[in-house]
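Reviewing the structure listed below.
The values are calculated or read from the model by the stated rules, or taken from the named source; none is laboratory data. These figures come from a predicted structure and were not determined experimentally. Cβ sites come from the backbone with ideal geometry, for glycine too, and all protein chains shown count toward neighbours. All accessible areas refer to the heavy atoms of the entire protein, side chains included, with ligands and DNA or RNA removed. Shrake-Rupley method; radii C 1.70, N 1.55, O 1.52, S 1.80 Å.
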Amino acid sequence: MAEVIIEKLTKSYDGSVKVLDGVDLRINQGELVFLLGPSGCGKSTLLRILAGLVAPDSGTISFDGKNIISLPPEKRRAAMVFQNYALWPHLNVFENVAFGLRMEKCSRQEIGKKVMEALEQVRMSSFAKGSVTQLSGGQQQRVALARALAVEPALLLLDEPLSNLDANLRDTMRREIKRICTERKLTALYVTHDRREALSMADRAGVMHKGKLSQIGTPDEIYNHPSDSFTARFLGDVNRLPCGGGIRPERLRISETQGKFRARLLERSFFGDSCEWLFEISSGEKVLVRELGAPERSAGKEYFLDYDEAFLIPAPESDDEK
Ligand code: ADP
Ligand code: MG
């Protein structure tokens with residue numbers, strides 16, 4: 001496992017639009033770092049550059065202090081897990097996982113041991129002799145993960161690995177991947193557009209925007225104290241307040257008697273375990289409040305809304321920033 005330092009990485013495919021525009025990122029040894037961002041923001045490009053599949057225009061990447069930018073993919077020990085699994089249909093489960101080790105010319109005995117260890121780690125050892133084409137999506141992704149683990153990568157790269165799986169399976173696989181990263185003390189970079197995935201699994205995470213990474217922090221830091229409004233809004237809803245700042249819907253309290261400003265209740269959306277209240281303030285802005293439970297409240301009535309100043313975050317400056 002390596003400590004990874006990325007400095008001033010830039011990449012443009014067509015010579016004009018910078019997909020990556022000076023990305024700086026440090027991944028500590030044994031750390032699981034997440035990069036979040038909308039589709040097309042350059043997440044896969046960054047992973048491909050780290051794996052050595054795409055060359056950057058400029059910038060440096062080091063693993064444990066050693067510059068790896070001119071090394072070919074097979075010398076980097078960066079293993080990638082793809083969204084679409086990318087298994088070889090003509091090879092069985094064992095041979096898919098063994099592939100990288102055969103490339104490294106490991107002995108037969110060593111290959112057998114490492115492949116079975118990796119398959120055990122992802123709870124797929126009983127499928128070793130089976131065909132990958134007979135497996136479910138979740139099982140195929142476990143095999144793809146085992147293939148990456150088998151080579152004992154210095155850096156594990158995960159490119160939206162759970163995006164093709166249904167919601168229940170995604171929850172299970174999140175816990176599995178987190179467990180494996182912790183058990184094996186993997187240094188890993190995981191990219192996704194799913195904020196829940198990032199917030200629930202990451203040691204640290206950041207949001208990519210216009211080729212840059214403005215803030216990398218713990219899930220609590222970036223969610224509760226985002227440094228810019230893009231990060232704030234990518235991670236969850238933000239209300240613009242009369243004072244100019246922003247606040248998350250779950251940080252507002254509704255009261256009949258006191259609070260920082262008044263708002264008229266427009267409507268309620270009930271979700272069983274929680275509900276959302278839509279208010280209107282005198283400027284005409286709408287404010288969303290999220291609560292556990294769903295107490296009785298009257299639409300059309302004026303209430304007070306209150307919040308703790310510690311949870312004010314950067315509000316969107318104007319609508320065209322969205
Ligand atoms: P993400 O993984 O965040 O969705 P990508 O890194 O795949 O984003 O793509 C970032 C941008 O670069 C997109 O606008 C995409 O169209 C463009 N792009 C990606 N790969 C290539 C390529 N091989 N040639 C030209 N443009 C590309
Ligand atoms: Mg991508």
### Query
If you roll a 1.4 Å probe over region 239-321 with all protein chains in place, what percent of the accessible area is carbon or sulfur?
46 percent
### Message
Starting from 0.36 nm per residue, how many nanometres of slack lie between LYS66 and ASP171 once their C-alpha separation is accounted for?
### Response
34.2 nm
### Query
So what is the accessible area of region 1-146 per residue, in Å², with the probe set to 1.4 Å?
49 Å²
### Task
Hey, could you grab the Kirkwood Rh for region 4-229? Inverse mean 1/r over distinct alpha carbon pairs, Å, one decimal.
18.0 Å
### Query
Loop-only check: which GluC sites (Glu not before Pro) in region 213-258 are DSSP coil with at most 16 other Cβ within 10 angstrom?
GLU256
## Note on the structure
Total charge of the residues flanking PHE279 in space, meaning their Cβ is under 11 Å from its Cβ, with Lys and Arg +1 and Asp and Glu -1, is +1
### Query
Within the set LYS11/LYS185; LYS105/LYS129; LYS43/LYS178, which residue pairs have Cα atoms separated by over 24 Å?
LYS11/LYS185
### Task
Taking H placed 1.01 Å from N in the peptide plane, check which residues at least 5 places from LEU158 or on another chain put their amide H under 5 Å from its amide H.
VAL81, LEU189, TYR190, VAL191
### Query
In region 253-322, what chymotrypsin sites (Phe, Trp or Tyr not before Pro) fall in a loop by DSSP, with at most 10 other Cβ atoms inside 10 Å?
PHE271
### Task
Work out from phi, with θ = phi - 60° and the Karplus expression 6.51 cos²θ - 1.76 cosθ + 1.60, the ³J(HN,Hα) of each residue of region 259-269, listed in order in whole Hz, and give x for Gly and Pro.
x, 6, 8, 9, 8, 9, 6, 9, 7, 10, 10
### Query
Cβ under 13 Å from LEU87's Cβ, LEU87 left aside: what net charge do those residues give with Lys, Arg +1 and Asp, Glu -1?
+1
### Summary
The alpha-carbon center of region 64-106 and that of region 125-195 are separated, in whole Å, by 14 Å
#### Entry: Largest-first ordering by accessible area, 1.4 Å probe, given options LYS286, LYS114, LYS185
LYS185, LYS286, LYS114
### region 50-154: GluC sites (Glu not before Pro) in DSSP loop, at most 15 other beta carbons within 10 Å
GLU104
### Query
Which FRET efficiency value, to the nearest 0.05, is calculated for SER274 and LYS18 with the Förster distance at 35 angstrom and r the Cβ-Cβ distance?
0.30
### Query
Sorted by packing (mean other beta-carbon atoms within 10 Å per residue), highest first, where do 230-237, 53-60 land?
230-237, 53-60
### Task
At a temperature of 10 °C and a viscosity of 1.306 mPa s, determine how fast region 17-62 diffuses translationally according to Stokes-Einstein, using the Kirkwood radius over alpha-carbon pairs as Rh; express D in µm²/s, rounded to the nearest whole number.
134 µm²/s
